[in-house]
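Report on the following structure.
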Amino acid sequence: MADVTNLRSPAEAGLSKLFESSRAAFASEQAISREEAFRFFEATGLPSRRVEAFKYTDLRAAITEAAPPAEAPSEDAAKAAVAGATGFHEVEAARLTFVNGHLVAALSDLDRLPEGVTVTPLNEAMGKGDARLKLLAPVEQVRENPVYQLNTAFLADGALISVAAGAKPATPIHLRFVGTGATSFSTATRVLVDLGAGAEFFLLESHEGPSGLIYQPNDALDVHIGEEAALRHSRINREGDAAIALSTLSVRLDARAQLETVNLVTGAKLSRHQLYLHIAGEDANAVVNGAALLGDGQLADSTLLADHAATGGVGREMFKTVIDGEATGVFQGKIIVRQGAQQTDGKMKSDCLLLKDEGQMMNKPELEIFADDVACGHGATCGAPDDELLFYLMARGLPRATAESLLVQAFVGEAVEAVTHEGAREALIGGIEAWLKARG
Amino acid sequence: MLEIKNLVVQIEDNRILNGLNLTVNDGEVAAIMGPNGSGKSTLSYVIAGKEDYEVLDGEILLDGQNVLEMAADERAAAGIFLAFQYPLEIPGVGTMTFLKACLNAQRKARGEDELSTPEFIRAVNGAADKLEINKEMLKRALNVGFSGGEKKRMEILQMALLQPKFCVLDETDSGLDIDALRIVSEGVNALRAQGRSFLVITHYQRLLNHIVPDTVHVMSKGQIVKTGGKELALELEASGYAEYRTSEAA
């Protein structure tokens, strides 16, 4: 066999160089196997469309240069950046503010946390070898993911959030990520959320940054939901229009644990939100929803893997994509039901509304079922707004644009109406309305 | 009020209306009866402004203004209302949200102020009570899970709220039981007034016992072929449409 030389792209070569030069500055790499992650990443490189999981989202082509890791901003720069941030800003919450991927204590409510909640900055936890670090990478498959590996290799900051067993704080924690700068940069953050048995917790997450600047956030959220605990998570991606935004949510659910997560995407030139679920305990329940509203030049990818390894797990996954212009929506969903995971009930759905002919939607559902007593299904639809419905609304006096907006709201609304936290739900609906208004 | 002159309409090369002429005066209730396929529903859609139809010739004048040049929403703001034969279900759009959006869009188009929320709720509740519409229905998504009768009552509720000038009722009696027919008819009769006219499209004379028309027109092959008083409906009920079908293609 002939030797095959893997030609490295300039971005890949740049990443290796950056990794070597940053090594000295990294805190305690042992705890997170930074070296190992980068070696794994280097072996495969940035995934191109030849890699099945990245078939529709070619990161090798999209990332043309390795953007240097952002340094911690000055307090004034951080304050200025956060002043204009609007994601969930009207929701009462304890905020943890990250500017360019660095936790800014002065703009965070570290001393005003809800009862039963503790927050430890990640670097502090790594410095003292916090036992909770073993909860990182809670889903086996995520460790093999190149986006997650890059996050591990370049991890700069983050936090460990613990919610005590039985604690049910009414006030959410808001992870507020804001980007700022004049030249291109990258960030890598990791937040771990650990819910003790019976805890109930609301988590908000917003991502915003400047338009016209190519920057590359890579954010990972690792979650462990203990027995009978419930996490309700709402996320907004309102990144700048040139951003390449990569994110990974990995969750382990113990027995009778509940997860509710919704991701609303209106920002970024290219975004990929990866969801990994490990249903580890029996009768766990996961509601995973996503809504993407896209205009010219955008690509939004939602990639889900739900690994049912215990009996009686229920999964409800609903993704809604609205495409207004030359944009691409991607949904890849894979449900694995292991041999012992009898009575698993999984339903996965991806619907797309094409407002203009130029848009495209890629759907790839996969089921791998090894148990014989399960109910699993998937469905995908794609189409233009219904002319009959438009006529009905117009015949009642609504101008075409208003009628179309109402139909879009109704279409996307289905993915956000399940959000338990009223303020979060209203903020998500507000995000949809703002997108429709900007569309005109 | 409404004057239709020599209206010629086709859809996908099928000629549906063939030079139709019709006048409905201010305050008049005109009924159109006719066999299946005579073009009755097409006429209602063309008046309301559905885009699938190609108007080859003719005019539809509302108080002298040709509405054929207007989009459906502009016609609604000008006072045309179509009560649909099959009202559509719109999941995710709350009934109250919908009603308020329609009312305010029409007011805005006419240069009027938006209705305040208390005024709006009072107006809806008043109309809903008359039509025996349950308040729970108003909290649901528009027409979703409504019975056939509930959907028709919701159409009349919209008519009562929007206070149109010219109302087209497209087979409003289809799918209604006796009680629903009475409630819907009473709702329509309550709206009869000077300054408002109705075009009631139906197959059956039954509806016209409740909504008594001033004039009855028989439609066949895309034209009005006979016009008379309310007694014409009774004649049709007795003799059927055979006379008007004879020259139709099989």
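The values are calculated or read from the model by the stated rules, or taken from the named source; none is laboratory data. Because the structure is a prediction, the values reported are computed rather than measured. For neighbour counting, all protein chains shown are included, and Cβ atoms are generated from backbone atoms with ideal geometry for every residue, glycine included.
Counting only strands (runs of 3 or more DSSP E) wholly contained in the stretch A:213-305, the ones carrying 2 or more residues that are free of Cβ contacts under 8 Å to residues at least 60 places away in the same chain, closer than 20 Å to A:Val142 by Cα and among the aliphatic types (A, V, I, L, M) occupy A:216-225, A:244-253, A:285-295. Of everything in the stretch B:187-216, what is in a strand (DSSP E or B), more than 14 Å from the chain's Cα centre (by Cα) and buried (at least 16 other Cβ atoms within 10 Å of the Cβ)? Give them in sequence order. If the condition is that a residue be in a strand (DSSP E or B), more than 14 Å from the chain's Cα centre (by Cα) and buried (at least 16 other Cβ atoms within 10 Å of the Cβ), then B:Thr215, B:Val216 are the ones that fit. For the stretch A:121-142, the criterion of being closer than 21 Å to A:Ile244 by Cα and either touching a helix residue (DSSP H, G or I) at 6+ places or on another chain (Cβ under 9 Å) or touching a residue at least 24 places away in the same chain (Cβ under 8 Å) (or both) is met by at least one residue.
The single condition among (1) under 30 Å from A:Ala170 (Cα atoms); (2) assigned to a loop (DSSP other than H, G, I, E, B); (3) among the basic types (Lys, Arg) that A:Lys356 does not meet is (1).
Scan the stretch B:225-248 and tell me whether some residue there is in a strand (DSSP E or B) and buried (at least 19 other Cβ atoms within 10 Å of the Cβ). No, the stretch B:225-248 contains no residue that is in a strand (DSSP E or B) and buried (at least 19 other Cβ atoms within 10 Å of the Cβ).
Against the condition loosely packed, with under 15 Cβ neighbours inside 10 Å and among the β-branched types (Val, Ile, Thr), how does B:Val184 come out, does it pass? Against the criterion (loosely packed, with under 15 Cβ neighbours inside 10 Å and among the β-branched types (Val, Ile, Thr)), B:Val184 does not qualify.
Just one of the listed residues (A:Gly181, A:Gly196) is surrounded by fewer than 23 Cβ atoms within 10 Å (Cβ to Cβ), touching a residue at least 24 places away in the same chain (Cβ under 8 Å) and within 21 Å of A:Ala72 (Cα to Cα), namely A:Gly181.
I need the full set of residues from the stretch A:384-404 which are more than 7 Å from chain B (Cβ to nearest Cβ), in a helix (DSSP H, G or I) and touching a residue at least 12 places away in the same chain (Cβ under 8 Å), in order please. Of everything in the stretch A:384-404, those that are more than 7 Å from chain B (Cβ to nearest Cβ), in a helix (DSSP H, G or I) and touching a residue at least 12 places away in the same chain (Cβ under 8 Å) turn out to be A:Leu390, A:Leu393, A:Ala401, A:Ala403, A:Glu404.
Is it fair to say B:Leu88 is touching a Ser or Thr at 6+ places or on another chain (Cβ under 9 Å), within 14 Å of A:Ala395 (Cβ to Cβ) and touching a residue at least 40 places away in the same chain (Cβ under 8 Å)? No; evaluated as a whole, the condition is false for this residue.
When A:Lys128, A:Lys55 are checked against the criterion of being surrounded by fewer than 21 Cβ atoms within 10 Å (Cβ to Cβ) and at pLDDT 95 or above, a single residue qualifies: A:Lys55. The residues of the stretch B:217-228 that are under 20 Å from the mean Cα position of the chain (by Cα) and under 18 Å from B:Tyr204 (Cβ atoms), listed by number, are B:His217, B:Val218, B:Met219, B:Ser220. The set of residues from the stretch B:30-84 being among the polar types (S, T, N, Q) and within 12 Å of another protein chain (Cβ to nearest Cβ) comprises just one member, B:Ser44. Criterion applied to A:Ala424, A:Ala410, A:Ala418, A:Ala380 was being part of a helix (DSSP H, G or I) and more than 10 Å from chain B (Cβ to nearest Cβ), and the one residue passing it is A:Ala424.
Per-residue answers, yes or no, for (1) in contact with a Pro (Cβ under 7 Å, 6 or more places away or on another chain); (2) among the small types (Gly, Ala, Ser); (3) closer than 21 Å to B:Cys102 by Cβ; (4) assigned to a helix (DSSP H, G or I):
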| position | (1), (2), (3), (4) |
| --- | --- |
| B:Val144 | yes, no, yes, no |
| B:Glu150 | no, no, yes, yes |
| B:Arg153 | no, no, yes, yes |
| B:Ile156 | no, no, yes, yes |
| B:Ala160 | no, yes, yes, yes |
| B:Pro164 | no, no, yes, no |
| B:Leu169 | no, no, yes, no |
| B:Leu176 | no, no, no, no |
| B:Asp179 | no, no, no, yes |
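Here A:Glu433 clears all of (1) within 14 Å of chain B (Cβ to nearest Cβ); (2) under 18 Å from A:Glu317 (Cβ atoms) except the condition numbered (2).
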